[in-house]
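The values are calculated or read from the model by the stated rules, or taken from the named source; none is laboratory data. Quick caveat, the model's predicted, so the values are computed rather than measured. Neighbour counts are summed over all protein chains in view; Cβ atoms, including those assigned to glycine, are modelled from backbone coordinates with ideal geometry.
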Amino acid sequence: MEHGHRSPTPQRQHLAVAAAVLVMASIGTLYAWSIFVAPIEAAFGRSRAATSLVFSLATAAFTVGMLAGPSLLRGWSPQAVALLSCLLAAAGLTLAAAAESIWLIALGFGILFGLANGFAYGSSLQVVQHAVPHRPGLFTGIAVASYMLGSAAGAPLLSFAAQAWSYRLALLILAAWLAAAGMLACLLLHRSRIGDVIAAVGTAAATAGAPFGAMAILWVVFLLSSLVGVMTLAHAAPLAASFPGGEYRLALAAALVALGNGAGRLAGGWLSDRLAPRTLLCGAPALIGAALAAVLIVPRLDILLAALCVIGVGYGAIAGYLPAIVASSYGAPALTRLYGRLFTAWGLAGLAAPYLGGLLFDLRGDYAAANTAAAVAALAAALLGLAFKPPALPRDRT
C-alpha cells in the first residue's frame, strides 16, 4: 500500500464503521419526506406540485453537497464533517418546523437538509473505505444500506408523531435526534482515529485524475440505471394500481421496491469484493431490464410485484458497488471527489425520472410505454457497462 499505510485496529475499525452507519441512518430520514406532504399542504393551502418542490430541491442540494463537499470541506477531519452535517441538518429541520411559509420549509428541509446529506454521505463512504481497506465493498454496502434503513425506521415513528401531535413537533424531534447523532458520531470517529489514517495516506491519489472515457461510462451507466430505479420508486404504487386487483396491493408494491433496494445495497457492496467491475456494471442493469421485459411479456400483477422487488435489488446493488468500484479503481482518497462527480447522474435522474414516468403515463393512459423505455435504458446501461476498463493498478490502492 502507499505511504506505508496500515489498517486501524479492529476496535477502531468498529468505532469508525459504527459512526458511519449512525450518520447514514440519521440523514437517511430525508426520504421520510412523504409523511409531511399532506399536513404541510393542509397548513399552507398549497398544491401537491408546490409541496413536492421541497423534495426536488432536497435532491438537487444533496447532489451539490456530494459534488462540492470535497472542495468546501478539504482539510476537515471526518468527525468535524459528521458533526457539521448533522448540525446543519438539525438547523434546517428546526427552520422548517418554525416556518410560516412553504419557501422557508423549502430552504430548511430542502436546501439545508439536502446539503447536509451530500456532505455526510460522501464523508461516510470515505470513512468505511479507509476503516476496512481489505473488505471495503462489504462495508460500503452496509453503509449505503443503513441510509435506506434510516428512512424505513424513521418514517413510521415520524408519522406517529405528526398524527399524534403535529408535523412541526415531528420535525423538531428529528432535529434533536440528528444533533445528538452528530455529537455521538463525532465522539466515535475521534476515538477511532480514522482521521489520522486518512491523513497518513497522503494526497497523491486524491489529486490524481481518472480517464475521461472511463468516468463517462460510469456516469452514463449510473444515469440510465438511476432513471429506471427512481422512476420505479416514484411510481410503484400507481404501477400496481394499473393492473386488475392492484389497488389492494399499493403498500406491498412500494414495500417490495424498498426492501429490494436495501437488500441490493448490501449485496452490491459484498459482490464488489468478489466480482470484476465489468460483471457488476453489466449484471445489475441487465437484471433490471430482464425484470421489466418479463412484465411487458406477461402483464400480470404477480409478475409485476416480483419484478418490482428485482428492480429494487438491481438499483440498490448499483448504489452499493459503484462507490467501491471507484475506490478500488482510483484510490480511496479520491472517492469523495470522483463519486461526487458521478452523483450528478443520480441528481439528474432524481429530478427527471418521476416527471418522465408521469408524462409517458399521461400520453397513453397506462405504463406500457414507460416500462418499455425503462427496459431499453436498463439494457443499454448493461451493454455500456461491458465497455468499462478499470486501470491496471493494485486493488489495495488506498
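Numbers below:
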| quantity | calculated |
| --- | --- |
| Residue check for residue 312: in contact with a Leu (Cβ under 8 Å, 6 or more places away or on another chain), in a helix (DSSP H, G or I) and small (Gly, Ala, Ser) | yes |
| Residue 104 being surrounded by fewer than 20 Cβ atoms within 10 Å (Cβ to Cβ), aliphatic (A, V, I, L, M) and over 15 Å from the mean Cα position of the chain (by Cα) | yes |
| Any pair with Cβ under 8 angstrom, 6 or more apart, that starts in region 303-328 at a residue that is outside the structural domain of residue 245 (by TED's automatic domain parsing) and ends at one that is in a helix (DSSP H, G or I) and surrounded by 24 or more Cβ atoms within 10 Å (Cβ to Cβ) | none |
| Region 235-262: number of residues that are in contact with a Gly (Cβ under 8 Å, 6 or more places away or on another chain) and surrounded by fewer than 19 Cβ atoms within 10 Å (Cβ to Cβ) | 1 |
| Some residue of region 265-287 being without any contact (Cβ under 8 Å) to a residue 40 or more places away in the chain, part of a helix (DSSP H, G or I) and under 16 Å from residue 224 (Cβ atoms) | yes |
| Listing of helices (runs of 4 or more DSSP H) fully contained in region 1-101 that carry 1 or more residues being among the hydroxyl-bearing types (Ser, Thr, Tyr) and surrounded by 21 or more Cβ atoms within 10 Å (Cβ to Cβ) | 10-27, 48-72, 78-98 |
| Condition check for residue 385: modelled with pLDDT under 85, in contact with a Lys or Arg (Cβ under 8 Å, 6 or more places away or on another chain), among the small types (Gly, Ala, Ser) and crowded, with 17+ Cβ neighbours inside 10 Å | no |
| The listed residue being hydroxyl-bearing (Ser, Thr, Tyr) and without any contact (Cβ under 8 Å) to a residue 60 or more places away in the chain, out of 101, 124 | 101 |
